[in-house]
Amino acid sequence: MLFNELYIFGAGGSGRELAWLAQKRFGRNVKLTFVVDKSDYLTPPVNGVEVKLFSELVPSELARFVVALGNPDDRQRIVSMFLDAGHQAVNLIHPRVEMSPLVHIGAGTVICANSVLTCNIAVGKHVQINIGCTINHDVTIGDFSTLSPAVNVAGNVRIGRRVFVGTNACFINGSADTPLVVGDDAVIAAGACVTHSVEANALVAGVPAVRKK
Ligand SMILES: CC(C)(COP(=O)(O)OP(=O)(O)OC[C@H]1O[C@@H](n2cnc3c(N)ncnc32)[C@H](O)[C@@H]1OP(=O)(O)O)[C@@H](O)C(=O)NCCC(=O)NCCS
């Protein structure tokens, strides 16, 4: 182990879930600390994990950070805050994630329990792949995107940066010749079945998914 302390930004629901993931992944070898950026958010320990202010942290070779915020813009902002202050990110991948060696994962990305990633997949930096997602061949996922629980991505799909995908959404109909492309900053509503490419910044919903905003 190259580090012995993990800072988890955010002590809400997502933070508590990532703490559980980190305990599964690292056992007692790594001390967990929740981090908040405003003194108003300071609380007594949450589920036994101390909560500290970001401004109190001292960057260390022995510490890493991960950001437990589902909103891609918020996650990007907080990641920049940590990196600018000299902290180092780490991947958090549950021991029960199944993936081939043909999956590339960027720094700071989180992959939760029971997700499966097959082959020829590139996942960017600081992506969140929540519990029970499946990602098939020839898929890319851009930096800071979020896949909520139980999202299914079929083969030949390109998901951009900061895309938010609601729970139980699926992506189909991409092909090797014509991949399905989801533009940067798009929002995919929970339960959507995305059958066509999605423009940047669009919100799509429904089965099949249609543009709402
Ligand atoms: C899409 C979402 C983010 C809402 O975004 P929003 O910008 O607040 O959008 P609105 O609520 O104004 O809805 C816009 C339109 O999309 C529709 N819509 C929103 N969510 C929808 C859904 N899941 N399925 C079908 N239609 C949906 C609304 O009815 C509305 O349609 P209308 O314009 O025809 O009336 C939210 O509904 C959603 O699906 N969130 C996912 C939550 C989730 O999975 N969280 C995981 C936590 S781990």
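Each value in this text was obtained by applying a stated rule to the coordinates, not by laboratory testing. Being a predicted model, the structure only gives us computed values, none of them experimental. Because the Cβ atoms are built from the backbone with ideal geometry, glycine has one as well, and the counts that use them run over all protein chains shown.
Check 106, 27, 124, 86 and return the single one that is touching a Pro at 6+ places or on another chain (Cβ under 7 Å) and not aromatic (Phe, Trp, Tyr). The match here is 86. Among the criteria (1) part of a loop (DSSP other than H, G, I, E, B); (2) near the ligand (Cβ under 10 Å from one of its atoms), the one residue 204 does not fulfil is (1). Name the one entry in 58, 51 that is of a type in the set (Val, Ile, Thr), out of contact with any strand residue (DSSP E or B) (no Cβ under 8 Å at 6 or more places or on another chain) and more than 27 Å from residue 161 (Cβ to Cβ). One residue alone meets the criteria, 58. When 169, 154 are screened for being of a type in the set (A, V, I, L, M), over 23 Å from residue 77 (Cα atoms) and surrounded by 20 or more Cβ atoms within 10 Å (Cβ to Cβ), only 169 passes.
Among the residues of segment 101-110, is any in contact with a strand residue (DSSP E or B) (Cβ under 7 Å, 6 or more places away or on another chain) and touching a residue at least 40 places away in the same chain (Cβ under 8 Å)? So far as segment 101-110 goes, yes, one or more of its residues are in contact with a strand residue (DSSP E or B) (Cβ under 7 Å, 6 or more places away or on another chain) and touching a residue at least 40 places away in the same chain (Cβ under 8 Å). Note on segment 102-197: no enclosed strands (runs of 3 or more DSSP E) hold 2 or more residues that are away from the ligand (no atom under 16 Å from the Cβ) and acidic (Asp, Glu).
Are any residues in segment 73-96 hydrophobic (A, V, I, L, M, F, W, C) and buried (at least 18 other Cβ atoms within 10 Å of the Cβ), and if so, which ones? Once the filter is applied, which keeps residues that are hydrophobic (A, V, I, L, M, F, W, C) and buried (at least 18 other Cβ atoms within 10 Å of the Cβ), segment 73-96 yields 78, 79, 82, 89, 90, 92, 93. Annotation note: Cβ proximity below 6 Å between a residue of segment 47-59 that is of a type outside the set (Ser, Thr, Tyr) and a residue that is part of a helix (DSSP H, G or I) (sequence gap 6+ or interchain) occurs for 47/16; 49/19.
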